[in-house]
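Student: Sharing a structure here in structure tokens format.
We did not get these values from a lab; they are worked out from the coordinates using the rules stated. Just so we're clear, the structure is a prediction, and the values are computed from it rather than from any experiment. Reconstructed Cβ throughout: ideal geometry from the backbone, glycine too, with neighbour counts over all protein chains shown.
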């Protein structure tokens, strides 16, 4: 077993021992190894015009947790390295690198350092619940893929270095942070297009080991969002759509007698021809060989006419 698989199994075992919470307290703990830098109105007055209450950068080690019983500002976390665990009223999830954790105002939550990693490099952002940040309410409590975590960290670091410095430059940096975040919502309008493009790519590479997780990541969507859009577009879940594409291609390839069932199975990403035949029978109601034979009979009868 490689190190990545071992870590995943250890993380899974940790998650399985935890459960959603129904009672909440306001509590914060940082071990002596933790480092955190704060950015607030007092040192970054430019935050006020963009409805930002506070922001910060944290390099966490050994022990760290935050539990809130529903504060009056939104909370957004950006993970660069290591990771944490998010607990809400209905689930427990891993917080992995290059993700954005969205926690709307007035919702209880707890996040803590992953005891397997024991380190967590992340930036955090607390916007006020105003019209400018309405998209946070719209998203709800979620962990989403986010590929601009390093940019957010770099921008906040530059803002930190400009404390007491150039107001014009601070304003420019704050505006860029807001553009990356508020732009995330506008990107969601292109989610449908990304899902359509993804399935076009899948159709051209049916031999690859596609999973719902990998397809969602290719679209920069959570699995929940990906599932919802797929059902809206195709009336099928992502997994069912993948099976449909493979089975339709299998039916086409069975027209060619020089393609054996084993070759077709491998071409469509099924390493085990028996598994492919089982899937095919479940989809079409007959085996690939019988499907080919039936089609040949129908074609011969058509030629006679």
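Student: Computed from the coordinates I sent, P(r) over Cα pairs in 20 Å bins from 0, in percent equals one of [x] 32, 59, 8; [y] 30, 56, 13, 0; [z] 27, 45, 21, 6, 0. Tell me the label.
Tutor: Working out P(r) over Cα pairs in 20 Å bins from 0, in percent from the coordinates points to [z].
Student: Follow-up. Which of the peptides 47-53, 119-125 is most tightly packed, and how do the rest follow, going by the mean number of other Cβ atoms within 10 Å of each residue?
Tutor: 119-125, 47-53
Student: What is the angle, in °, between the Cα long axis of helix 273-284 and the longest principal axis of the Cα atoms in the chain? Nearest 10 is fine, range 0 to 90.
Tutor: 80 degrees
Student: Provide the FRET efficiency to the nearest 0.05 for the residue 237-residue 48 pair, computing r from the beta carbons and using R0 = 30 Å.
Tutor: E(calc), rounded to 0.05, equals 0.10.
Student: 7 Å from Cα along Cα→Cβ at both residue 106 and residue 213: what's the point-to-point distance in nm?
Tutor: 3.6 nm
Student: When a/c is below 1.5 the answer is rounded, else prolate if a/b is larger than b/c, else oblate, so apply that to segment 77-165 with a ≥ b ≥ c taken from the square roots of the Cα gyration tensor eigenvalues.
Tutor: Note, shape of segment 77-165 comes out oblate.
Student: Please tell me the relative contact order of segment 20-110 in percent, rounded to the nearest whole number, where contacts are Cα pairs under 8 Å and at least six residues apart.
Tutor: 32 percent
Student: Also, quick follow-up: Taking each pair of distinct Cα atoms in segment 14-117 once, what is the resulting Kirkwood hydrodynamic radius in Å?
Tutor: Radius from the Kirkwood sum: 14.7 Å.
Student: To continue, here is another question. Output the peptides 163-173, 232-242 sorted from most to least packed, where packing is the average of other Cβ atoms within 10 Å over each peptide's residues.
Tutor: 232-242, 163-173
Student: Separation of segment 55-94 and segment 205-260 by C-alpha centroid, Å?
Tutor: Answer, in whole Å: 34.
Student: Another one. What is the distance in Å between the Cα centres of segment 140-169 and segment 9-40?
Tutor: 22 Å
Student: Which value in nm describes the separation of the simple spin-label points at residue 287 and residue 7, placed 7 Å from the Cα toward the beta carbon?
Tutor: Modelled inter-label distance: 4.6 nm.
Student: How much mean residue ellipticity at 222 nm does the chain get from its helices, if each DSSP H run of length 4 or more adds -39500 (n - 2.57) and you divide by all residues, to the nearest 500 deg cm²/dmol?
Tutor: Helices in the chain give a 222 nm mean residue ellipticity of -14500 deg cm²/dmol.
Student: What length, rounded to one decimal in nm, is gained on full extension from residue 38 through to residue 203, with 0.36 nm per residue of separation minus their alpha-carbon distance?
Tutor: Net length gain for the segment: 54.6 nm.
Student: Okay, moving on. Pull out a ≥ b ≥ c, the square roots of the eigenvalues of the alpha-carbon gyration tensor of segment 55-96, then state rounded if a/c is under 1.5, prolate if not and a/b is larger than b/c, and oblate in the remaining case.
Tutor: Note, shape of segment 55-96 comes out oblate.
Student: For the chain, find the longest principal axis of its Cα atoms and tell me its angle to the long axis of helix 191-204, 0 to 90°, nearest 10.
Tutor: 40 degrees
Student: Right, here's the next one. Working from Cα positions, state the angle (0 to 90°, nearest 10) between the long axis of helix 167-188 and the longest principal axis of the chain.
Tutor: 30 degrees
Student: If I model a spin label as a point 7 Å beyond the Cα along the Cα-Cβ vector, how far apart are those points for residue 256 and residue 65 in nm?
Tutor: A separation of 5.9 nm, rounded to one decimal place.
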